[in-house]
1. If I ask for residues that are of a type in the set (S, T, N, Q) and either surrounded by 16 or more Cβ atoms within 10 Å (Cβ to Cβ) or in a loop (DSSP other than H, G, I, E, B) (or both), which ones from segment 403-427 would you list?
2. Please count how many residues of segment 108-146 are of a type outside the set (K, R), part of a loop (DSSP other than H, G, I, E, B), under 18 Å from P236 (Cβ atoms) and touching a helix residue (DSSP H, G or I) at 6+ places or on another chain (Cβ under 9 Å).
3. Kindly provide the set of residues from segment 357-404 that are without any contact (Cβ under 8 Å) to a residue 40 or more places away in the chain and charged (D, E, K, R), ordered by number.
4. Restricting to segment 512-551, and then to whatever is in a helix (DSSP H, G or I) and more than 25 Å from I568 (Cβ to Cβ), can you tell me which residue is farthest from the chain's Cα centre (by Cα)?
5. Hey, any hits in segment 440-459 for a residue that's charged (D, E, K, R), out of contact with any Leu (no Cβ under 7 Å at 6 or more places or on another chain) and in contact (Cβ under 8 Å) with a residue 12 or more places away in the chain?
6. Pairs under 8 Å by beta carbon, first residue closer than 14 Å to L79 by Cα in segment 172-193, partner of a type in the set (D, E, K, R) and open to solvent by less than 20 Å² (accessible area, probe 1.4 Å), six or more apart or different chains?
7. Could you list, in sequence order, all residues of segment 212-221 that are assigned to a loop (DSSP other than H, G, I, E, B), under 24 Å from the mean Cα position of the chain (by Cα) and over 15 Å from A248 (Cα atoms)?
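The values are calculated or read from the model by the stated rules, or taken from the named source; none is laboratory data. Computed from a predicted structure; not experimentally measured. Cβ placement follows ideal geometry from the backbone for every residue including glycine, while neighbour counts extend to all protein chains displayed. With ligands, DNA and RNA removed, areas are computed over all heavy atoms of the protein, side chains included. Shrake-Rupley method; radii C 1.70, N 1.55, O 1.52, S 1.80 Å.
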Amino acid sequence: MANASPAGASSLTEADVGTWLDGFMPYAIERGDIAGAVVTVVKDGRILVRRGYGFADVEQRIPVDHDTTLFRVASVSKLFTWTAVMQLVEAGQLDLDADINRYLDFDVPGRGAPITMRHLMTHTAGFEANIKTMWTSEAIAQADGLALGPYLAQWVPKRIFAPGTVPAYSNYGTSLAGYIVERISGLPFPEYIERRIYAPLRMEHASFRQPPALRARVSQGYARGSGAARAFEVTPSVPAGGMSASGADMARFMIAHLSAAGGHDSPILRASTSAQMLTPQTRFAPPLHTMALGFYEIDVNGQRVVSHAGDTFSFHSQLFLFRDHDVGLFVSLNSAGVGGVTGPIRRELLERFADRYFPAAASAPAPAVDAAVAADQARRLATPAYRESRRNETGLGRISVLSQPRLQALDDGSLRFERMKQPNGQPTTFKPVGPWLWQATHSEVRLAAILEDGQPVGFAVDSAAPFNVFLQVEGYRSATWLKPLLIGAVVVLVLTVLAWPIAAIVRRRNGRRLDWSPTALHAYRLSRVACIWMLLMPAAGLAVMSWGAADFARFDDRLDPVVILLGIGSVIAIVGGIAATAWHLLQTLRSRRGVFAVLRAALLLVSACVLAYVLVLMGLADFALDY
């Protein structure tokens with residue numbers, strides 16, 4: 001039996017929840033330019049409320065049906081994979097702490113230690129986050145198939161952290177787990193889920209097959225609800241994000257997990273297995289939330305809540321389980337909307353739901369924070385630049401290496417985090433609430449420093465702390481010093497390129513010529529051509545990434561010739577740029593054209609060296625095809 005509602009809470013009934021959702025959701029999706037959404041709420045082992053909002057197909061004016069419209073649930077799919085894993089653990093067929101290579105037919109080396117299933121379930125295997133072939137088209141999927149083993153064996157991501165040391169969200173790791181389920185059970189992964197999870201729960205509108213048999217009932221996906229529909233999104237990482245499901249079927253899944261969490265064996269897990277699955281694992285930024293085995297904590301108003309979110313380009317979903325109240329909440333949106341609105345909508349839905357039905361109990365005032373200490377800690381934490389632990393370190397995937405999040409320390413000891421937006425689009429400000437701990441001014445979300453020997457080496461934010469943290473950037477690629485230097489170098493190169501034709505036009509009009517030796521003239525002209533080439537290469541790389549980011553299915557083997565050409569062009573830019581500008585400086589010195597001419601040539605060489613260094617950091621010269 002669920003715990004009684006807290007004092008001051010609204011009654012969690014079908015009528016009250018339905019009325020409340022009908023007030024919140026239509027406004028939220030209209031404000032965010034989202035075509036449609038589905039929301040389900042479960043309580044005490046039954047579906048309490050299910051609602052469809054907006055359209056599954058805007059052009060055809062087909063409304064969302066909460067029972068039969070399938071939404072792409074993206075990484076919420078992982079909960080089904082982790083449930084399958086725990087079923088095998090329950091059956092004694094899988095050891096969470098054994099080397100995963102015991103179960104694979106190809107080798108996945110660790111970094112200093114073997115990778116285990118527990119590492120995969122807590123996103124601490126240490127894999128980098130590659131982008132190539134994460135998504136593909138429906139046509140290619142149908143032509144080539146989506147065989148999991150060959151896909152995973154083809155490109156094993158680099159291990160950038162030792163297992164168990166740093167959380168770094170990994171779709172590849174979850175797909176490995178799904179393949180292990182295949183290997184142990186002898187069933188293709190989608191078929192295993194159909195037999196062992198869908199069938200016992202009577203989930204008739206859910207599928208890991210891409211496209212599903214119920215393709216006609218899958219909602220269209222949109223960048224904006226007011227725009228055109230996008231193509232069906234297919235991922236070869238099937239266990240990590242390939243599922244489509246209706247809101248009603250997701251409710252059945254929540255009911256099963258809540259039952260097991262409440263101490264009752266369910267059709268898919270025993271209560272003892274659920275207790276193991278929901279046990280918190282290592283905390284990397286105490287007291288922030290952490291991973292359980294597959295689920296992650298997202299406690300609100302003092303309530304124990306576990307969750308998982310999922311995002312494709314178009315679809316954005318999240319599942320919440322209030323463990324102590326036998327209550328579950330699921331939401332899925334079929335559009336990206338405006339200004340990254342889907343994240344704030346989901347967070348706001350959770351917090352308002354909790355405020356209405358599980359309000360925070362009165363508590364003693366928080367102890368006063370020493371203003372001077374808070375200001376000093378904020379300043380120290382805000383000084384370095386950071387990079388996310390979930391990142392790509394190979395080839396083209398490194399192109400955004402200088403995009404490094406920063407914190408801004410305010411005079412009162414607060415921190416402003418530009419990257420994290422509030423529902424109104426403004427950056428989030430965190431006020432100090434304890435030693436090395438801050439809380440958002442508009443919510444319960446906290447930010448905490450990660451300390452080593454009492455010194456800050458990174459930070460984490462509640463909403464992502466279980467699987468992604470921000471670590472100080474190594475000095476050799478810190479944007480703190482490198483970005484101003486790069487801007488200066490680019491300015492010098494651009495001005496040099498612009499001055500070349502302008503100077504030639506001025507000389508021609510005045511009937512003057514450069515009275516230099518043929519060698520000096522060649523060096524001068526070659527250095528200008530080299531400047532143009534050096535400026536073109538990062539621009540070309542960024543253009544390719546921008547083009548691919550509009551549809552991640554474009555990052556596949558068909559792009560390999562472009563990557564190789566970028567590599568060739570970048571090597572020419574690096575070697576040729578430095579050589580040409582150095583030769584120009586040498587000829588300037590030999591020609592004795594004066595101090596200012598020498599200084600200009602030297603500045604050009606330094607600028608070329610800076611840009612060459614950045615090209616190397618951006619991975620454009622790596623020739624890596626496993627980005």
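1. We begin by selecting, within segment 403-427, every residue of a type in the set (S, T, N, Q); these are 403-404, 408, 414, 422, 424, 426.
Listed by number, the residues that qualify are S403, Q404, S414, Q422, N424, Q426.
2. Taking segment 108-146 as the starting set, the residues that turn out to be of a type outside the set (K, R) are 108-110, 112-117, 119-131, 133-146.
Then keep just the ones that are part of a loop (DSSP other than H, G, I, E, B); that gives 108-110, 112-115, 122-126, 128-131, 133-135, 137, 145-146.
If we keep only those that are under 18 Å from P236 (Cβ atoms) as well, we get 108, 128-131, 133-135, 137, 145-146.
Retained after the next criterion (residues that are touching a helix residue (DSSP H, G or I) at 6+ places or on another chain (Cβ under 9 Å)): 108, 128-131, 133-135, 137, 146.
Residues in segment 108-146 being of a type outside the set (K, R), part of a loop (DSSP other than H, G, I, E, B), under 18 Å from P236 (Cβ atoms) and touching a helix residue (DSSP H, G or I) at 6+ places or on another chain (Cβ under 9 Å): 10 in total.
3. Once the filter is applied, which keeps residues that are without any contact (Cβ under 8 Å) to a residue 40 or more places away in the chain and charged (D, E, K, R), segment 357-404 yields D370, D376, R379.
4. In the first step, residues of segment 512-551 are kept if they are in a helix (DSSP H, G or I); the result is 518-549.
Subset that is more than 25 Å from I568 (Cβ to Cβ): 518-521, 524.
Working: P518: 55, T519: 52, A520: 51, L521: 51, Y524: 46 Å.
By that ranking, first place goes to P518.
5. First pass over segment 440-459, keeping only residues charged (D, E, K, R): 444, 446, 452-453.
Still in the list and also out of contact with any Leu (no Cβ under 7 Å at 6 or more places or on another chain): 444, 452-453.
Still in the running and in contact (Cβ under 8 Å) with a residue 12 or more places away in the chain: 444.
Checked against the condition, which is being charged (D, E, K, R), out of contact with any Leu (no Cβ under 7 Å at 6 or more places or on another chain) and in contact (Cβ under 8 Å) with a residue 12 or more places away in the chain, segment 440-459 yields at least one hit.
6. Pairs found: T174/K78.
7. Result: Q220, single match.
Yes or no, residue by residue, for (1) open to solvent by less than 20 Å² (accessible area, probe 1.4 Å); (2) free of Cβ contacts under 8 Å to residues at least 40 places away in the same chain:
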| site | (1), (2) |
| --- | --- |
| R554 | no, yes |
| V563 | yes, no |
| V575 | no, yes |
| A582 | no, yes |
| L599 | no, yes |
| L605 | no, yes |
| L625 | no, no |
